[in-house]
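Q: Have a look at the structure that comes next, please.
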Amino acid sequence: MRITTLTSIAALLLLGATSALAAGEDDYKAAYAAAEAANKQAASLRNQWTTTASTLAVAKKFADGGDFDKATASAKEAEALAKASIFQATSEKERWRDLEIR
Amino acid sequence: MNLRARIQFAAAAFALALLAFAAPPAVSADKVDPVADEKAFKKFFYDKFPKLKPEDFVNGPYSMDADLYKQWQDKEQFPPYEFSLELGKEMFSKPFKNGKTYGDCFPNKGIGIRQDYPTFDEKEGKVITLELALNRCREANGEPAFSYVRDEMAALTAYMAFTSRGKPFNIKVPNDPRALAAYENGKEYFYTRRGQLNFSCATCHVQSPGERVRTEVLAPALGIVNAMPIYRSEWNGMGTTSRRFTTCNSQIRGVPLTPQDDEYRNVEYYLSYVSNGLPISGPGARP
């Protein structure tokens with residue numbers, strides 16, 4: 001289960017970073033909204049990554065310049081980061097004790 | 001892998017770093033036992049650094065390195081926190097508009113009591129840090145709260161620490177389920193990996209004290225809050241406990257929480273408790 005999640009996160013990241021398909025403004029908006037939603041969930045788990053926000057900012061900059069291919073790719077990358085942070089927070093609920101001095 | 005290598009590794013490939021999660025799950029939770037924790041925590045550091053005396057740990061990175069220790073002794077001749085200390089002393093004794101002072105909010109007029117903070121407030125059911133108590137004192141007397149990360153708060157806590165120098169940490173975790181939960185949550189926060197680099201506080205301050213991160217030598221977690229607040233050359237000024245905690249979170253590419261959020265209050269409670277008996281050494285000065 002864990003491995004599956006990780007693989008899909010990694011796949012999503014690669015997809016986001018290398019997507020060759022032409023994307024329009026709607027694709028960008030959908031990708032951005034999905035990334036924001038995931039980042040909001042990370043916030044509720046008290047575990048946002050700074051890189052999610054900075055990657056979202058990059059996406060927005062590309063979109064403002066009219067490059068929706070790159071904007072969409074960045075938004076997808078931001079979503080992958082946010083999802084990884086959610087995964088981290090969730091699995092740490094158990095795993096933090098690994099490091100405990102006892 | 002040493003710390004620097006781990007940072008580069010994590011920075012280069014967070015997806016790979018996450019694969020570590022596929023390892024077997026941690027041992028399950030058992031009973032909250034602060035007394036046993038404190039013993040194990042101290043033993044870990046005393047065994048790891050057999051040459052150090054317990055009270056050496058309160059000087060952060062200076063305890064880790066002989067050259068640095070020499071620098072520290074030189075620095076204490078003309079301490080860079082002197083200015084803050086003077087300011088704090090003045091602020092502390094100057095009455096609010098209503099004629100009351102900070103001293104009226106604290107036991108023993110606020111003198112020599114830093115080692116008792118954080119305390120657990122049984123009425124509220126929460127941990128109260130010294131920084132929080134100071135702002136509550138201001139608000140109760142009709143004054144606006146200070147920023148938790150700026151100079152005024154650093155000055156006030158510097159003065160209060162100074163009046164308590166040498167006094168051993170005396171943190172109490174009462175036998176109240178809420179206090180035990182706050183303590184345990186603080187411990188969990190300390191050991192929880194976070195941020196894109198997937199580091200916990202313990203990755204740096206338990207597994208790697210004495211190692212260098214860029215130009216800095218990592219302080220050991222034992223006694224790590226005894227010297228707060230601290231002057232740092234890199235900040236070109238003073239930093240409160242809140243400032244230090246939020247900075248440590250951003251370093252690992254985690255978005256810091258708001259100063260004095262429950263997690264930060266609880267982790268300070270935990271770190272102070274396991275350092276019980278070690279002397280207050282604040283304010284401190286760092287390279």
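Q: In square angstrom, what is the accessible area per residue of chain B with a 1.4 angstrom probe?
A: Working: 12820 Å² over 287 residues.
Accessible area per residue, chain B: 45 Å².
Q: With a 1.4 Å probe and all protein chains left in place, how much accessible area per residue does region A:23-99 have, in Å²? Write out the running numbers ahead of the final one.
A: On the way: 3490 Å² over 77 residues.
Spelled out: the 1.4 Å probe surface of region A:23-99, per residue, equals 45 Å².
Q: Mind jotting down a quarter of the surface of the convex hull over the alpha carbons of region B:54-114, in square nanometres, one decimal? Please list the in-between numbers first.
A: Values: hull surface 23.0 nm².
That works out to 5.7 nm², a quarter of the Cα hull's surface.
Q: OK, next. Quick one: if the Förster radius is 35 Å, what FRET efficiency do B:Ile111 and B:Cys248 give, using the C-beta to C-beta distance and rounding to 0.05?
A: Details: r = 30 Å, r/R0 = 0.86.
My answer for the efficiency is 0.70.
Q: Further, regarding this structure: In debye, nearest 20: dipole of the protein assembly as shown around its Cα centre with unit charges on the Cβ of K, R (+) and D, E (-)? Provide the component values of the computation, followed by the final result.
A: On the way: 50 positive and 47 negative charges, 110 e Å.
Charge dipole of the protein assembly as shown: 540 debye, to the nearest 20.
Q: Here is a follow-up. Direction-averaged shadow area of the convex hull around the Cα atoms of chain B, nm²? Kindly include the intermediate steps, with their values, before the conclusion.
A: Values: hull surface 61.9 nm².
Average projection, Cα convex hull of chain B: 15.5 nm².
Q: Which angle between 0 and 90 degrees, to the nearest 10, do you get for helix B:241-251 versus the longest principal axis of chain B when only C-alpha atoms count?
A: Computed tilt is about 30 degrees.
Q: I've got another one for you. How big is D, in µm² s⁻¹, for region A:23-99 by Stokes-Einstein at 25 °C and 0.890 mPa s if Rh is the Kirkwood radius over C-alpha pairs? Could you put the intermediate results ahead of the total?
A: Values: Rh = 12.6 Å.
The calculation lands on 195 µm²/s.
Q: Something else about it: Under 5 Å between amide hydrogens, which residues at least 5 positions from B:Gly254 or on another chain qualify, with H placed 1.01 Å from N in the peptide plane?
A: Here A:Thr50, B:Gln196 satisfy the definition.
Q: Work out the FRET efficiency for B:Ala140 and A:Glu36 from their Cβ-Cβ distance, taking R0 = 45 Å, and round it to the nearest 0.05.
A: Numbers: r = 39 Å, r/R0 = 0.87.
So the FRET efficiency works out to roughly 0.70.
Q: Taking R0 as 30 Å, what FRET efficiency do you get between B:Lys94 and B:Arg165 from their Cβ-Cβ distance, rounded to the nearest 0.05?
A: 0.85
Q: Additional query: With each run of n ≥ 4 DSSP H residues scored as -39500 (n - 2.57), what mean residue ellipticity at 222 nm is computed for chain B after dividing by its residue count and rounding to the nearest 500 deg cm²/dmol? Walk me through the numbers before you get to the answer.
A: Working: 11 runs with 118 residues, N = 287.
When only DSSP H runs of four or more count, the value is -12500 deg cm²/dmol.
Q: Which GluC sites (Glu not before Pro) in region B:41-96 pass both tests, a DSSP loop state and at most 15 other beta-carbon atoms within 10 Å? Present the calculation step by step, with values, prior to reporting the outcome.
A: On the way: sites: B:Glu55, B:Glu76, B:Glu82, B:Glu86, B:Glu90; in loops: B:Glu76.
In loop regions of region B:41-96 (DSSP not H, G, I, E or B), the sparsely surrounded GluC sites (Glu not before Pro) are B:Glu76.
Q: B plus A alone minus the pair: what accessible area, both sides summed, probe 1.4 Å, in Å² to 100?
A: Values: alone 14370 and 6830 Å², together 18050 Å².
Approximately 3200 Å², summed over both chains.
Q: Over chain B, what is the mean sequence separation of C-alpha contacts under 8 Å (at least six apart), divided by residue count, expressed as relative contact order in percent? Walk me through the numbers before you get to the answer.
A: Details: 477 pairs, mean separation 79.8, N = 287.
Averaging sequence separation for qualifying contacts and normalising by length gives 28 percent for chain B.
Q: Any idea what angle helix B:34-48 forms with the longest principal axis of chain B, computed on alpha-carbon atoms, 0 to 90 degrees, nearest 10?
A: The helix B:34-48 is inclined about 70 degrees to chain B.
Q: Can you give me the long-range amide H partners of B:Val225? Hydrogens built in the peptide plane at 1.01 Å from N, cutoff under 5 Å, separation of 5 or more residues or another chain.
A: none
Q: Then there is this: If I model a spin label at B:Ala181 and B:Ala36 as a point 7 Å from the Cα along the Cα→Cβ vector, what separation in nanometres do I get?
A: Result for the modelled spin labels: 2.2 nm.
Q: Right, next: For B:Asp261 and B:Val213 in the same chain, what is the full-extension length gain: residue separation times 0.36 nm, less their Cα-Cα distance, in nm?
A: Details: separation 48, 0.36 × 48 = 17.28 nm, distance 2.69 nm.
Here the answer is 14.6 nm.
The values are calculated or read from the model by the stated rules, or taken from the named source; none is laboratory data. The model shown is predicted, which means the values in this text are computed figures rather than measured ones. Heads up, the Cβs are rebuilt from the backbone with ideal geometry, glycines too, and the neighbour counts pull from every protein chain shown. Heads up: the accessible areas ignore ligands, DNA and RNA and are worked out on the full protein's heavy atoms, side chains in. Shrake-Rupley method; radii C 1.70, N 1.55, O 1.52, S 1.80 Å.
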